[in-house]
Structures are given as structure tokens and as C-alpha cells.
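Some notes on the structure that comes next.
Read the figures in this text as sums done on the coordinates, not as results from a lab. Note that the structure is predicted; figures quoted are calculated from it, not measured. Positions of Cβ are backbone-derived with ideal geometry, glycine not excepted, and every protein chain shown enters the neighbour counts.
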Amino acid sequence: MKVLVTENGVHPCGVELLKKHFDVDCRDSTSVEELERIIGEYDAIVIQAFTKVPRSVLEKAEKLKLIARAGTGLEHVDLEYAKKRGIVVKNTPQANAVSVAELTFGLMIAVARKIVSADAYVRSRKGWDRPSYKGIELFGKTLGLIGFGNIGRLVAVRANAFGMKVVAYDPFVPAGEMKQTGVTRIGELDELLSASDVVSVHVPLTDETRHMIGAEQFGKMKPTAIFINTCRGAVVDEAALAAALKEGKIAGAGIDAYEEEPPLNSPLLELENVVLTPHTGGITKEAVERMSMQAAEIVIDFFTASKS
Ligand SMILES: NC(=O)c1ccc[n+]([C@@H]2O[C@H](COP(=O)([O-])OP(=O)(O)OC[C@H]3O[C@@H](n4cnc5c(N)ncnc54)[C@H](O)[C@@H]3O)[C@@H](O)[C@H]2O)c1
């Protein structure tokens, strides 16, 4: 069996495990053109965030049975055509969920306590203006989660520890399941938006969720609200978010994912009341190793099961 690891973002620990079972080739990165040329040799490929696997690649994948994504997003793979060809596509959605939940809180606290601008102020040696950096506590505030899956739930558990009241909007999760984490289900998105002091989105990017948070939704939030997005950029209308921040419709935002990455032309770059990170929610030492090991295990389990 031949396995191709298409990019160097896949941590070596998983690659070493694969090498114990398969003939493994590794590349630092693999363009679509290269993949079209070489894919015919491989039974499985392990990809990370950057490898694109469109139909043109899959059409040439004569032996390919499995695509394992070390990580969550599968936007770069033509899933429909892979299914048609009987090629199994798997990812490791649990592997970086804790890391994303922790960054969600990192952003929440950074915005609530103005940590980034306070740090720049201290370094500027311009004086000792403490009142300008007065923040707010999270304790006693209402956190509204949009999406209550792997990451939403982990954020809720952490919010409980902070003494926040947690409400969630997710049409696909029943109230009883939310209650187990002390979370109150809200049936209407608008109701969650107007009730929350912090709104945090944790939905997948689909046709339905694209731009689900725009001018209308920001208009329903409290002027004191903090908005956090650590899911996918296109879930939020970024221009509307920038306008809402500028016009004081909301107080601040913490953003890890952008409509265009890198967000070179984003209006968010000009604003002070927003803390920005470069889509690093799922990138910690632990998560990167976990993603790689789990992707390797997916490949091993797949071929072990198909032998028996
Ligand atoms: N920032 C990062 O580095 C990073 C890393 C990993 C995952 N993510 C992203 O985080 C998001 C959440 O990941 P997850 O693992 O929790 O996914 P998940 O599939 O476990 O949970 C998503 C939840 O959203 C709900 N949902 C779907 N459509 C909805 C809608 N229209 N309204 C409300 N809820 C809806 C689903 O029912 C589900 O419970 C994804 O977009 C994922 O790509 C980001």
C-alpha cells in the first residue's frame, strides 16, 4: 500500500506511525498540478489545511481509496465526486476542538480586558493611563453560542467555570442535551442575539450558514456586546461586522477566521476594538500532534478493516 502525505503541516509523529505500516512518501506541499500527475500511484493520501483535491485530481486517482484530513475543514476536497468514485473521506474533528475552545476564551478575555491595546500602551512608554484600559468581567454575563457541536460544548463548559450564564441556538440539538452542560436552548437566533453579552459562533460553513451573521444580526445585539468568530470567516459578513464595530452597534470583537485569508484588505484591520488572530484556533502543539496521530490511525484502521 502506498500513502502520500501531501504537506509538511502534518506532524512527523503520525508520519512515523504510518511508516510502520505502509510505503509512505512525504512532500512539503503539493499543488493541484503535481497531485494530478502523481495521484495514480497512491492508495491513500493524508492532507492538512492547504492541499486542494478537486475533481480533476480524483479523476486520475486510479487506486485511491481514502483521503484522511488531519484537521477539520473539508472545503478543499470535492466531496460529492469522491463519494461518486467510492473514495472515503475522513477528518479528525475532535482533535483540535479543545484548542479552539481555549482560543475562543482567549479572545473573549482579550477583548473584555483590552489586553492587546493595553500591552501596546505600556510598551509605548507614554504614561500611566489606567482608566482608558478599564475592562468588563465575564462573571455573571450571558454567553450566546451559535452552534452547539464539538467546540460549542467545550466553550460552554469553560464558560460555566467563569460563572457565565450560557444560552445556545442550534436547531439540530435538543434542549435536554444542552441542559446536561447547564445550557439553556433558545429556539430563535434573534432572541439569542438580543439576550447575550457575548455572542460566539461555532457552526460549519454551509450554504445555509454563509453570512448568517450580517448587518441585521449585528443590529439586534446589545451595544455592549462582544462578538467572537473562531469558526469560518464566510459565516460572517465581515464588512457588516466592521460597520457595526465602527458605528458602536456592538462594543468589540475577537476574530480568528476571515472571508479572505490572509485578510489583507479587510476593514477590520483598521479598527481598534477588535482582536485578530491568524486562524490559529486549532493550532497548538497538542492539537497538531493529535490531528496527525488520528489521521494516521484512520488510514491504518481503514486498511486493517478492509483486509479482514
Ligand atoms: N479556528 C480554527 O482553527 C478552527 C479549528 C477547528 C474547527 N473550526 C471550525 O469551528 C466550527 C465548529 O466546529 P465543530 O467541530 O464544533 O463542528 P460540529 O459539526 O461538531 O458542530 C457544529 C454545530 O453547528 C450546528 N449548526 C449547523 N447549522 C447551524 C445553523 N444554521 N444554526 C445553528 N447551528 C447550526 C450543528 O448542528 C452542530 O451542532 C466549524 O466551522 C469548524 O470548521 C475552526
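Descriptive notes on the structure:
- Derived scalar couplings ³J(HN,Hα) [segment 253-265; Karplus, 6.51 cos²θ - 1.76 cosθ + 1.60; whole Hz; x for Gly, Pro]: 8, x, 10, 10, 10, 10, 5, 10, 10, x, x, 4, 10
- Between Lys246, Lys20, Lys126, the GNM of the chain built on Cα springs shorter than 10 angstrom shows Lys126 fluctuating the most.
- The distance separating the Cα centre of segment 1-72 from that of segment 79-157 comes to 30 Å.
- Proximal charge balance of Phe162 [Cβ under 10 Å; K/R count +1, D/E count -1]: +1
- Gyration tensor (Cα) of the chain, equivalent ellipsoid semi-axes in angstrom: 39, 21, 18
- Counting lysine pairs in segment 190-308 that sit 8 or more residues apart in sequence, or on different chains, and whose Cα atoms lie under 19 Å apart gives 4.
- Rounded to the nearest whole Hz, the Karplus-based 3J(HN,Hα) values (6.51 cos²θ - 1.76 cosθ + 1.60, θ = phi - 60°) of segment 73-78 follow the sequence x, 10, 4, 7, 10, 6, with x at glycine and proline.
- Ordering Ser99, Ser132 from the fewest to the most neighbouring beta carbons within 10 Å gives Ser132, Ser99.
- Here Glu208, Glu137, Glu177 are placed in order of increasing Cβ neighbour count within 10 Å, fewest first, which gives Glu208, Glu137, Glu177.
- Sum of side-chain charges, Ser99 neighbourhood, beta-carbon under 15 Å (Lys, Arg +1; Asp, Glu -1): 0
- √(5λ) per eigenvalue of the Cα gyration tensor, segment 28-158, largest first, Å: 45, 19, 10
- Using a Gaussian network model of the chain in which every pair of alpha carbons under 10 angstrom is joined by a spring, one finds that among Lys179, Lys165, Lys84 the greatest mean-square fluctuation is at Lys84.
- Compactness of segment 160-308, taken as the C-alpha radius of gyration over 2.2 N^0.38 Å, stands at 1.24.
- Maximal additional length on extending the Ser308-Ile136 stretch stands at 56.1 nm, based on 0.36 nm per residue less the C-alpha distance.
- Between Ala287, Ala243, Ala225, the GNM of the chain built on Cα springs shorter than 10 angstrom shows Ala243 fluctuating the most.
- For segment 278-288, 3J(HN,Hα) per residue [Karplus equation, 6.51 cos²θ - 1.76 cosθ + 1.60, θ = phi - 60°, Hz, x = Gly/Pro]: x, 6, 9, x, x, 9, 10, 3, 5, 5, 5
- Converting the Cα gyration tensor eigenvalues of segment 1-105 into ellipsoid dimensions via √(5λ) gives semi-axes, longest first, of 23, 17, 12 Å.
- Inter-part distance, segment 162-178 to segment 229-251, computed on C-alpha centroids, equals 23 Å.
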